[in-house]
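Right, one structure below, let's go through it.
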Amino acid sequence: MALLEVNGLVKHFVAQRSLFGRALAHVKAVDGVSFSLEAGKTLALVGESGCGKSTVSRLVLRLIEPDAGTVRFDSRDLLALDADALRKFRREAQIIFQDPYASLNPRMTVGQILTEPLALHDLVPSAQRRERVAEILRLVGLEPRLARRYPHEFSGGQRQRIAIARALAVEPKLIICDEPVSALDVSIRSQILNLLRELQDRLGLAYIFVSHDLAVVKHIADRVAVMNLGQIVEEADVDELFAEPRHPYSRALLSAIPLPQPHARRAKIVLQGEIPSALNPPAGCRFHTRCPFVIDRCRTEAPALVADGAGHATACHRVSELPPADTILPVAAGFTPELAKLVAAFSRKTEGAAPAGVGIQSARPTPT
Amino acid sequence: MSASPLIEISDLRIRFHGDDGRVTHAVDSVDLSVANGATLGLVGESGCGKSVTSLAIMGLLPKQTTEISGAIRFDGFDLLKTPDQTLRDLRGNRLAMIFQEPMTSLNPSFTIGDQIIETILRHRGGSRRSARDRAIELLRRVHIPSPERRIDEYPHKLSGGMRQRVMIAMALACDPQLLIADEPTTALDVTLQAQILELMRELKAASGAAIILITHDLGVVAEVCDEVAVMYAGEIVERAPVDELFSAPQHPYTVGLLGSIPRLDHRAEQLATIEGMVPNMAQPPAGCRFAARCPFVLNDCTRAPPPLVEVSPGHLSRCIRAPLERLVS
């Protein structure tokens with residue numbers, strides 16, 4: 001039984017109204033999206049800006065109301081919940097945003113930020129809340145004494161840990177991570193990614209991981225859905241998608257990522273033209289204006305998302321005729337044995353860490 | 001590196017004086033040189049001094065609060081001692097810069113044509129008519145469709161990728177000898193990033209300009225750079241030809257960076273992490289600035305600042321433990 005089942009989700013935003021309030025133009029942000037997510041697993045939603053991936057994540061939490069479709073969470077129909085039941089549901093599904101500077105209230109201490117969800121859902125008797133806050137902070141690798149400090153006293157990576165701590169406070173089953181590491185420096189990014197994985201292993205969390213970065217997705221996801229202009233164009237298990245990308249759009253995304261490998265020999269698909277507007281998506285296949293394999297049928301008839309026996313689904317008329325993707329795939333290239341050993345020296349510290357302290361020991365705030 | 005580099009920075013130090021009397025050491029003893037036609041990647045994380053270095057080359061740092069010493073030699077000039085008037089003649093002409101955020105670096109109240117034409121008229125003179133023709137030509141060179149029509153549009157009508165093309169067209173307006181690109185693709189989607197990187201390679205081949213590419217993305221560095229300088233806490237900690245930097249890095253910080261990026265070409269169960277934090281640059285540590293975060297640290301590391309030494313020809317590292325291979329063999 002899947003934890004989350006999303007079926008035929010549609011959300012159109014009104015972009016322009018007439019003088020009398022009649023809608024003149026719609027942004028088709030999400031147009032018929034379906035997927036499911038097992039407990040304890042990670043589904044990544046990938047795509048370029050404006051493809052609807054963030055809108056999907058907000059619809060799943062019912063932060064915005066869909067125009068059509070169903071969302072079932074733990075076999076409850078989410079869209080039928082009344083206000084009271086919805087509040088209870090919020091305990092089970094949380095969200096972490098991209099910008100750790102904007103998502104924490106600057107006037108509240110970290111302790112207050114973490115106590116609020118406990119009080120709101122009446123989870124822990126007030127006498128024990130302080131203790132629970134300390135416990136949550138340790139879980140994300142911060143020292144409990146930091147509860148008295150304000151968000152501005154922390155670095156970006158530490159703030160993202162606080163945001164994760166806030167999401168964990170209510171013991172959710174699902175956390176939506178909306179570009180959680182995009183705003184962070186590379187060395188901090190790896191700390192947060194490691195933390196998210198460790199928390200998943202330990203607490204059995206399910207993640208919806210929204211990202212534009214396929215390398216990050218490959219590292220963290222179990223299943224990947226590639227979105228283009230409000231629709232899923234390909235969905236597969238992570239290893240499958242990266243070994244055999246089928247949709248021309250997925251291939252283009254994959255080949256566009258610069259590899260940290262000088263003179264890497266692989267063919268590139270550089271898409272020509274701009275991303276079409278979701279205000280007026282192209283007829284037929286929404287990718288046809290940029291697709292190197294376009295035929296007449298693509299311009300008129302929208303392809304359906306069809307899964308093969310192994311659960312690898314693709315929405316492309318020409319999926320069976322496309323050339324193999326081998327040439328665009330990165331050549332597997334590990335580190336030299338010496339470099340691998342040197343790199344390992346940077347991972348060693350966290351391995352032996354006590355169960356309570358995930359990651360950094362130096363949870364010192366930035367000197368002010 | 002050829003005998004006479006186009007630009008040569010020696011012992012550049014930049015300090016910022018804050019309102020509260022605090023002095024921040026933004027850049028310390030930076031030596032760099034770029035030859036004609038070469039691309040140098042300047043890599044590092046937020047606050048490492050890479051952007052400040054580029055602003056110093058362009059003479060764009062605020063004079064009142066900044067203390068700069070050292071020399072930046074460019075074609076017979078010392079840019080740090082050049083009068084403002086001469087600098088204004090060089091900027092946009094022989095020195096050009098592309099910024100990260102194409103929305104904020106274009107003036108919203110002028111058409112893109114006006115902005116490109118202004119640059120051409122300022123430095124090249126000639127008639128407005130011929131400047132306009134050149135602007136159209138430039139827009140065509142950066143692959144903007146129907147440039148005759150686009151030239152009269154305002155920046156808000158263009159998408160992010162288009163705006164960055166306009167910025168590049170403007171930077172190329174006077175065929176600069178040195179182009180500084182500060183995170184030119186960071187704000188763009190990957191498919192657009194691929195287009196812009198392709199364009200930069202094309203233009204470099206066509207014009208032979210030297211490029212300093214500032215980025216935090218090691219993938220971008222591997223794709224377009226010939227040589228790389230890694231900066232940490234205001235210092236260059238490693239400098240190497242691009243192949244060597246990726247195959248045999250000689251500074252622990254570079255090793256940590258390489259290990260911490262998730263990669264498409266191999267899967268790591270756990271990513272490397274660089275523990276701890278960047279030192280407070282108001283009081284930089286006496287010894288190696290990376291020592292507190294380094295897994296290979298020795299007592300000697302914290303005693304005196306390590307010199308930048310040549311480990312192999314053209315490959316420099318600011319680490320007393322280099323060559324690092326011997327630590328693991």
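What follows draws every value from the coordinates through simple rules; no lab data is involved. Worth saying up front: this structure is predicted, and the values here are computed from it rather than measured. Neighbour counts are summed over all protein chains in view; Cβ atoms, including those assigned to glycine, are modelled from backbone coordinates with ideal geometry.
Tell me which of A:236, A:121, B:258 sits at the most positive position along the dipole axis of the protein assembly as shown, charges placed on C-beta atoms (Lys, Arg +1; Asp, Glu -1). The listed residue farthest towards the positive side: A:121. Between the listed residues A:147, A:86, A:160, the Cα displaced farthest toward the positive end of the dipole of the stretch A:4-228, a dipole computed from Cβ unit charges relative to the Cα centre, is found at A:147. Taken about its Cα centre, the stretch A:4-228 carries a charge dipole of about 420 debye when Lys and Arg each add +1 at the Cβ and Asp and Glu each add -1 at the Cβ.
Note on residue A:203 and residue B:302: with the Förster distance fixed at 45 Å, the Cβ-Cβ geometry gives a FRET efficiency of about 0.70. Restricting attention to the protein assembly as shown, close to 60% of DSSP beta bridges with both partner residues there are antiparallel. Each of A:88, A:341 was scored by other Cβ atoms within 10 Å of its Cβ. Arranged with the fewest first, they read A:88, A:341. Residue order for B:278, A:14, B:328, fewest other beta carbons within 10 angstrom first, comes to A:14, B:328, B:278. Distance between Cα centroids, the stretch A:75-137 to the stretch B:61-88: provide it in whole Å. With the stretch A:75-137 and the stretch B:61-88 each reduced to a Cα centre, they are spaced 53 Å.
The charge dipole of the protein assembly as shown, taken about the Cα centre with unit charges on the Cβ atoms of Lys, Arg (+1) and Asp, Glu (-1), comes to about 1180 debye, rounded to the nearest 20. Sparse packing (at most 14 other Cβ atoms within 10 Å of the Cβ) combined with a DSSP loop state is found for the following trypsin sites (Lys or Arg not before Pro) in the stretch B:3-66: B:22, B:63.
The residue list B:38, A:314, A:277 was ranked by how far each Cα lies along the charge dipole of the protein assembly as shown toward its positive end, using unit charges on Cβ atoms, and A:277 comes out on top.
The angle between the Cα long axis of helix A:110-120 and the longest principal axis of the Cα atoms of chain A comes to about 80 degrees, rounded to the nearest 10. Here the spin labels are modelled as points 7 Å beyond Cα on the Cα-Cβ line, and at residue A:280 and residue A:38 they lie 4.5 nm apart. For the pair residue B:31 and residue A:293, label points projected 7 Å from Cα toward Cβ lie 5.4 nm apart. For chain B, the Cβ-based charge dipole about the Cα centre amounts to some 720 debye (Lys, Arg positive; Asp, Glu negative; other atoms uncharged). Distance between the C-alpha centres of the stretch A:291-331 and the stretch B:244-310: 43 Å, rounded to the whole angstrom. With the simple model of a label 7 Å out from the Cα in the direction of the Cβ, residue A:152 to residue A:20 spans 5.2 nm. Prolate is the label for the stretch A:4-228, because the ratio a/c of its alpha-carbon gyration tensor axes (a ≥ b ≥ c) is 1.5 or higher and a/b is greater than b/c. With R₀ fixed at 51 Å, the C-beta to C-beta distance from residue B:69 to residue A:1 puts the FRET efficiency at about 0.15.
For the stretch A:227-274, the list of trypsin sites (Lys or Arg not before Pro) that fall in a loop by DSSP and count at most 12 other C-beta atoms within 10 angstrom reads A:265. Loop-located GluC sites (Glu not before Pro) in the stretch B:69-157 (DSSP state not H, G, I, E or B) with no more than 15 neighbouring Cβ atoms inside 10 Å: B:153.
By other beta-carbon atoms within 10 Å, ranking A:12, A:152, A:288 with the fewest at the front produces A:152, A:12, A:288. Pairs spanning more than 28 Å between alpha-carbon atoms, out of A:268/A:341; A:173/A:341; A:53/B:157; A:218/A:268: A:268/A:341; A:173/A:341.
Fully extending the segment from residue A:322 to residue A:74, taken as 0.36 nm per residue of separation minus the present Cα-Cα distance, adds 85.4 nm.
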